[in-house]
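Heads up: the structure comes next, in structure tokens.
We did not get these values from a lab; they are worked out from the coordinates using the rules stated. Small disclaimer: the values here were computed from a predicted structure and weren't measured. Here the Cβ positions follow ideal geometry from the backbone for every residue, glycine too, while neighbour counts run over all protein chains shown.
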Amino acid sequence: MTALEWMERFAHAYAKAFRYMDSTVWVNPAAPAAAREKLEQYGEPILFGVKDTDQIPLALVKRLAVQPDFVWMTVDRMAPHGRAIDPALTNPLTGRRMTGSSSGSALNILRGVHDLALATDGGGSILGPALATQLYGINAKGLGLKGRKPSQSTEGLPLTVGIGVLSHSLAWAKRALEALLETRLDAELTGLRVALDVDAPGKLEALFRAEGCTVHRFDKGQAYERAHGLALIRELFQSSDLIVSAEGPVDVESYADSLVMNGHPDARGGKFLLRSANLADTTAVAVPGEAVAAGYIVLAQSGLEAGRRAIAAAEAIAAACPRSALFEEYFLRRMRLGHSGFFHEGM
């Protein structure tokens, strides 16, 4: 698009940030000037928000904000007390309550407020909202991005939250992490051992074999319970470099929320290994599939090279399992344009 067309798109996004105050906590007053300057000097920048949590260091936010291809737009609502659903927000894709706790960040991406968000994940707070809204999510704890202070799961398990990103573009999510980590995140898949969920389609097994990987199947069983999921992840990593789990639909049939399920979520909520990925200190990538609010979680053990491989596997899956054209048209085009309703005509 031309520079003027991009600035028009920015103007709509900035106006939406003020309109959607249910999902937005703060709007950056310096964003318009930063957007103009970076557009003139470097080309079209990526607009980003930040989850409203003190777990994300301000220095990390500033590291992204000073990049020539990023503009900080907002601070986004977090579900109350880090809850797995947000009773105050609605998922515009499914009509259900928004998956948390990075609820405002995922919603602002769908609404066209920004393209990407820095967020945190303790028990699925990046991965869950990503799948629930057909977005990409990366918990980069395994790459070394961690929260500022200790926390614990709803089961009382001690943990350190991971920091990562949500975006409608996997390439942009990867670019943001490369900026934060100051390193490239490319890798090859040849020779890797992949543990593939029995519920994943055969085309994914064929894909990995074509990439030169060895593949064996596994059954998730009761991995919707964190203790089972954590044990399964540790067991699979004894003989695998990557784990690929089929998950979802997230929070459609039932809410995978400990309060709703009285401390005992089940398979109907659609969350399995994504609930335990952070506890296992992995790099974990959510890749939306072709079904609504569902997709795949790719896990790799802690370490830079392992994390690179997880992202490479996610890129391969994303290429093989594109989102629907209708999703792309509605949320990635129409929601980023001005509204043309009656009261906007001629005003």
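Things to note:
- Between segment 130-161 and segment 25-57, the C-alpha centres lie 23 angstrom from each other.
- For segment 153-162, 3J(HN,Hα) computed residue by residue from phi via the Karplus equation (6.51, -1.76, 1.60; θ = phi - 60°) reads 7, 5, 8, x, 6, x, 7, 10, 6, x Hz, glycine and proline entered as x.
- Cα centre as origin, Lys/Arg/Asp/Glu Cβ charges: segment 50-100 dipole, Debye: 140
- For segment 193-323, with +1 on Lys and Arg beta carbons and -1 on Asp and Glu, the positive-most of Leu207, Met261, Leu304 along the dipole: Leu304
- Test item: Cα-centred dipole of the chain, Lys/Arg +1 and Asp/Glu -1 on Cβ, debye: 460
- Pairwise centroid distance, computed over Cα atoms, of segment 242-297 with segment 4-20, Å: 33
- Order of Val292, Val25 - criterion: other Cβ atoms within 10 Å of each residue's Cβ, fewest first: Val25, Val292
- Net charge over other residues, Cβ less than 14 angstrom from the Cβ of Ser101 (K, R count +1; D, E count -1): -1
- Rounded, prolate or oblate (a/c below 1.5 giving rounded, otherwise prolate when a/b exceeds b/c) for the chain by Cα gyration tensor: prolate
- Proximity of backbone amide H atoms, modeled 1.01 Å from N, is registered between Tyr296 and Glu247, Val287, Gly289 at under 5 Å, excluding neighbours fewer than 5 places apart on the same chain.
- Shape class of segment 212-328 from the alpha-carbon gyration tensor: oblate, with a/c at 1.5 or above and b/c at least as large as a/b.
- Using Cβ point charges alone (K and R +1, D and E -1), the dipole size of segment 193-323 about the Cα centre works out to roughly 200 debye.
- Highest GNM mean-square fluctuation among Arg275, Arg234, Arg308, for the chain modelled with Cα contacts below 10 Å: Arg234.
- By average C-beta atoms within 10 angstrom, highest first, the peptides 206-212, 98-104, 172-178: 98-104, 172-178, 206-212
- Residue-wise HN-Hα coupling along segment 282-297, computed from phi with Karplus coefficients 6.51, -1.76, 1.60 (Hz; x: Gly, Pro): 8, 8, 10, 10, 8, 10, x, x, 8, 8, 5, 6, 9, x, 9, 10
- The fewest-to-most ranking of Tyr14, Tyr136 by surrounding Cβ atoms within 10 Å reads Tyr14, Tyr136.
- Membrane-span-like helices of the chain, defined as complete DSSP H segments with a Cα extent of 15 Å or more along the helix axis and a mean Kyte hydropathy of at least 0.0, are identified as 170-181, 226-237, 304-320.
- Segment 119-136 - phi-based ³J(HN,Hα) in whole Hz, Karplus 6.51/-1.76/1.60, Gly and Pro as x: 8, 10, 9, x, x, x, 6, 9, 5, x, x, 4, 5, 4, 10, 6, 9, 9
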